[in-house]
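Undergrad: What follows is a structure written as structure tokens; I'll ask about it next.
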Amino acid sequence: MNLSFKAIEPTDKAIITSYTFNSPIQSCDISFANMCSWHFLYKSEYTEVDGFLLIRFRIEIDGSYVYVFPIGNGDIRSVISLLEEDSLRYGRPLSILGVTQVSKAILEETYPDGFTFESDPSYCDYIYLREDLVNLTGKKYQPKRNHINRFRKQYNYRYLDISSELVPECLRLESQWYKANSAGDYQRALQYERRSMTFALNHADEIGLAGGAICVEEQIVAFAFGAPINANTFGVHVEKADVSFDGAYSVINQEFAAHIPQNFIYINREEDLGIPGLRQAKRSYHPTILLEKYRATRALR
């Protein structure tokens, strides 16, 4: 059976989220908003087979396909075999990215010694309790509370939900941020990020995006946006701030978390990508879960 994949588009939201929202997987890799906004780079595609959602991406470097662990219920061995056949059609052993410990255990049980597993700390997801980011309770969060208190004393600000009217102002701030941060090793990655961000903001309603901004004297000084990953985990995909406003990052972090619907117990703030400053910032909020993800490669037979 040859699998027939379809490019992921905003109109596929209902189909894809009917699987992902009911899944226990908390990985940012299965966020529908992420898959849509990064489609230009990864050419994300999906198909439905025997009660499972199957997703594949294309790797820019060599054009190979990699797959997401099947999402759904049923005969996992059967759908893994279909993915393997699909991958072998392109001359590659099956490679599954973003494999969590739970999915890894299923693969190990189903295929003893059938997969090799590699992990990279740079691609662990940082997952927090929503109430921790809102309340910032305890000594470990004292520096965050200090930043926020200083900001509130110095500035009279408003929190605004991001609407289509605010998108140009958010993009203006992002452009300012990009100019200040795009030199060096991360220039290409940041170019990709701003392309993804622009798509996401301009298609917010279609892809289920929610966002908020901090406004000081009619100027947007920080914004964040994200989307649900599953029924209890919300993904924060982008957060930008003007660092000349001391404490702006801390304020948008807390305010956005406070405005996320309360049915979301966890907030996934994604990976640090091995960037030292980003790693330090994410660790400073003391994640509840550091979600390790593996690349599983099928052993050739």
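Undergrad: Quick one: in the stretch 162-172, which of the residues that are of a type outside the set (Asp, Glu), part of a helix (DSSP H, G or I) and more than 21 Å from the chain's Cα centre (by Cα) is surrounded by the fewest Cβ atoms within 10 Å (Cβ to Cβ)?
TA: Pro168
Undergrad: Would you confirm, using the coordinates I've provided, whether Phe199 is in the same structural domain as Glu174 (by TED's automatic domain parsing), crowded, with 19+ Cβ neighbours inside 10 Å, within 19 Å of Ile162 (Cα to Cα) and aromatic (Phe, Trp, Tyr)?
TA: Answer is no for this residue.
Residue by residue, here is whether (1) outside the structural domain of Ser87 (by TED's automatic domain parsing); (2) assigned to a strand (DSSP E or B); (3) closer than 26 Å to Leu273 by Cβ holds:
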residue: Met1; (1), (2), (3): yes, no, no
residue: Thr11; (1), (2), (3): no, no, no
residue: Ile16; (1), (2), (3): no, no, yes
residue: Gln26; (1), (2), (3): no, no, yes
residue: Asp29; (1), (2), (3): no, no, yes
residue: Cys36; (1), (2), (3): no, no, yes
residue: Tyr46; (1), (2), (3): no, yes, yes
residue: Arg56; (1), (2), (3): no, yes, yes
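Undergrad: Please verify whether Phe264 is touching a residue at least 24 places away in the same chain (Cβ under 8 Å) and surrounded by fewer than 21 Cβ atoms within 10 Å (Cβ to Cβ), treating the condition exactly as stated.
TA: Against the criterion (touching a residue at least 24 places away in the same chain (Cβ under 8 Å) and surrounded by fewer than 21 Cβ atoms within 10 Å (Cβ to Cβ)), Phe264 qualifies.
Undergrad: Let me ask you something else. Quickly run through the stretch 251-301 and pick out the residues that are charged (D, E, K, R) and within 16 Å of the chain's Cα centre (by Cα).
TA: Across the stretch 251-301, the qualifying residues are Arg269, Glu270, Glu271, Asp272, Arg279, Lys282, Glu292, Lys293.
Undergrad: Within the stretch 82-108, which residues are assigned to a helix (DSSP H, G or I), more than 24 Å from the chain's Cα centre (by Cα) and surrounded by fewer than 14 Cβ atoms within 10 Å (Cβ to Cβ)?
TA: Glu85, Leu88, Arg89
The rows are residues; the columns are (1) in a loop (DSSP other than H, G, I, E, B); (2) under 24 Å from the mean Cα position of the chain (by Cα); (3) modelled with pLDDT of 95 or more.
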site: Arg152; (1), (2), (3): no, no, yes
site: Gln176; (1), (2), (3): no, yes, no
site: Gln191; (1), (2), (3): no, yes, no
site: Ala200; (1), (2), (3): no, yes, yes
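Undergrad: Let me ask something else. Which members of the stretch 47-70 meet the condition of being surrounded by 21 or more Cβ atoms within 10 Å (Cβ to Cβ) and either closer than 18 Å to Asn230 by Cα or more than 18 Å from the chain's Cα centre (by Cα) (or both)?
TA: Hits for the stretch 47-70 are Phe52, Leu53, Leu54, Ile55, Val68, Phe69, Pro70.
The values are calculated or read from the model by the stated rules, or taken from the named source; none is laboratory data. Model, not experiment: these values are computed from the prediction. Reconstructed Cβ throughout: ideal geometry from the backbone, glycine too, with neighbour counts over all protein chains shown.
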